[in-house]
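Just below is one structure, and these are the notes that go with it.
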Amino acid sequence: MTRSLEEALFQHFIHQKLEIAYAINKPFPFFEGLRDNFFITETLYRESLEACRNLVPLPRVVYNILTKLETTFSLSFLEMLFGIFQKPGVSWGI
């Protein structure tokens, strides 16, 4: 994959971050997939679950995670993300 294609995918991810955040309907399996594949730390995983328990809207929690993932963006993250959207009960919300 070329560097310019990687950069285009990254920019597209940034522009679609809000849509992605609203497309996640439940923390599971999104949070677990991120943690189990080492995209987020155990600490961020627990903080995110706690935020949901404290009634922070799920899209806000997901958006915050996606914002943090911008610094470590990788193609393997996109593969995991799109794999989740192929699961039943997950929609893009568009």
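The values are calculated or read from the model by the stated rules, or taken from the named source; none is laboratory data. Everything numeric in this text was worked out from a predicted model, so none of it was measured. Here the Cβ positions follow ideal geometry from the backbone for every residue, glycine too, while neighbour counts run over all protein chains shown.
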Quick one: what pairs do we get from region 10-26, first residue closer than 20 Å to residue 72 by Cβ, second at pLDDT 90 or above and part of a loop (DSSP other than H, G, I, E, B), C-beta under 9 Å, 6+ apart or different chains?
-> 10/73; 13/73; 14/73
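The rows are residues; the columns are (1) over 26 Å from residue 6 (Cβ atoms); (2) modelled with pLDDT under 90; (3) not acidic (Asp, Glu).
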position	(1), (2), (3)
27	yes, no, yes
37	no, no, yes
53	yes, no, yes
64	no, no, yes
69	no, no, yes
76	no, yes, yes
85	no, yes, yes
94	no, yes, yes
